[in-house]
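What follows is one structure encoded as structure tokens, with my remarks underneath.
The values are calculated or read from the model by the stated rules, or taken from the named source; none is laboratory data. Computed from a prediction, not measured in an experiment: that's the story for all the values here. Note that each Cβ is placed from the backbone with ideal geometry, even for glycine, and that neighbours are counted across all protein chains shown. Note: accessible area is taken over every heavy atom of the protein model, side chains too, but ligands, DNA and RNA are not part of it. Shrake-Rupley method; radii C 1.70, N 1.55, O 1.52, S 1.80 Å.
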Amino acid sequence: MTPKTGRNAPCHCGSGKKYKQCHLKLDQAVARENRAWESAAGFLRRDFIAFAKEERFAESYAAGVALFFDNYYAIENAHEMSQPETLRFFDWFTHDDTPDDRPRLIEIYNTEKAELMDEMEASLLNSWLAAGPASAYVLADATGEGKQILHLQDIFDNKEYTIRESGGPGRAEVGDVLIARLLPFRDQLRQSGATGYLPADEAAGLKPLFLDAWNAFRAEKPDAVWEYFLRRRSYLFAHYELAAAEKAGRPAVARLDPNRPKSQVADRLARRVLGRS
């Protein structure tokens with residue numbers, strides 16, 4: 001049902017019947033199903049963060065903050081992260097962080113909670129478990145109403161992807177690079193969590209950095225495949241962005257921005273861990 005279709009207006013299907021006598025109930029059912037899927041995805045994202053904040057992961061959390069932000073944040077000031085920084089960190093911490101002493105958090109989450117989920121939540125979780133690591137994509141084009149359809153090209157293998165992003169490309173322009181995780185959502189791909197961004201003129205060194213890291217990784221693990229490497233080293237995307245911001249004279253992280261609004265994100269786990277140390 002669209003805002004332009006009144007109950008007594010002719011049905012959009014061209015049947016000549018009034019909308020309420022034709023497609024109204026069907027469109028309402030589709031809208032309810034869409035809302036249910038969105039609700040399931042939102043629940044999983046919120047529950048991932050709550051799960052990751054459990055005390056048993058506190059040491060991994062402290063190490064992860066320092067690693068992901070290249071020591072621009074540590075456990076002492078993690079509560080100063082902005083909301084986008086927090087969302088992006090927890091996306092990496094849940095999906096990609098792979099300390100040697102445990103599986104990925106999303107795998108632990110699945111083991112412990114899969115039986116408690118409804119059909120939609122379980123379907124999304126299974127597809128997200130199988131999804132690849134974050135990568136870097138050139139914005140090739142943005143089309144459709146509100147430019148919500150983004151056409152992306154992976155900078156490493158040149159594969160092309162079409163995703164739907166309700167907010168459009170944001171500040172990114174064609175040729176800029178987005179650091180994103182692409183997760184299945186029903187028959188679409190969507191970006192997960194907050195997305196990293198590099199202007200085209202700052203992105204030239206990103207691919208060489210990763211290829212050098214890949215060669216070093218293969219020297220230690222000759223049988224490693226690219227996806228495994230990318231998951232184990234995906235924090236290097238954040239490192240590159242931090243260095244690029246500093247080189248351009250921008251604050252690398254929100255806590256260093258003298259003009260930042262007062263953060264509404266306070267990570268209670270960080271404060272509890274700090275209190276114990």
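Here the Kirkwood formula puts the hydrodynamic radius of the range 129-168 at 10.8 Å, using every distinct Cα pair.
If I model the range 1-146 as equal point scatterers sitting on the Cα atoms and use the Debye formula, what is log10 I(q)/I(0) at q = 0.09, 0.11 Å⁻¹? Values, matching the q order: -0.47, -0.63.
Note on R218 and K18: the extension gain reaches 65.5 nm, defined as 0.36 nm multiplied by sequence separation minus the Cα-Cα distance.
If I take R0 = 35 Å and measure r between the Cβ atoms of F156 and E55 in this structure, what FRET efficiency does the formula 1/(1 + (r/R0)^6) give, to the nearest 0.05? Taking R0 as 35 Å, the efficiency between F156 and E55 is 0.40. Loop-located trypsin sites (Lys or Arg not before Pro) in the range 153-195 (DSSP state not H, G, I, E or B) with no more than 15 neighbouring Cβ atoms inside 10 Å: K159, R171, R186.
Evaluated over the chain, the count of Lys pairs having alpha-carbon atoms less than 26 Å apart is 14 (only pairs 8 or more residues apart or interchain). Measuring nothing but protein heavy atoms, the accessible surface of the range 1-153 at 1.4 Å probe radius is 52 percent carbon and sulfur. Toward the positive end of the charge dipole of the range 88-145, with +1 on the Cβ of Lys and Arg and -1 on the Cβ of Asp and Glu, the farthest Cα among T111, F89, L124 is that of F89.
Taking the accessible area of the range 163-242, probe 1.4 Å, and keeping the other protein chains in place, the carbon and sulfur fraction comes to 49%.
Surface analysis of the range 125-242 yields an accessible area of 49 Å² per residue, using protein heavy atoms and a 1.4 Å probe.
The length gained by stretching the chain between A63 and V174 to full extension, at 0.36 nm per residue less their Cα-Cα distance, is 36.4 nm.
Note on R35 and K113: with the Förster distance fixed at 25 Å, the Cβ-Cβ geometry gives a FRET efficiency of about 0.65.
Helix content alone sets the calculated 222 nm mean residue ellipticity of the chain: runs of n ≥ 4 DSSP H residues at -39500 (n - 2.57) each, divided across all residues, give -13500 deg cm²/dmol. Computed on protein heavy atoms with a 1.4 Å probe, the accessible areas place L236, L209 in the order L209, L236, largest first. For the chain, the equivalent ellipsoid derived from the alpha-carbon gyration tensor has semi-axes of 36, 24, 20 Å in decreasing order.
For R190, nonlocal amide neighbours, meaning residues 5 or more places apart or on other chains whose placed amide H falls under 5 Å from its own, are L183, F185.
A simple charge model with +1 on the Cβ of Lys and Arg, -1 on the Cβ of Asp and Glu and nothing else charged puts the dipole of the chain at about 1260 debye relative to its Cα centre.
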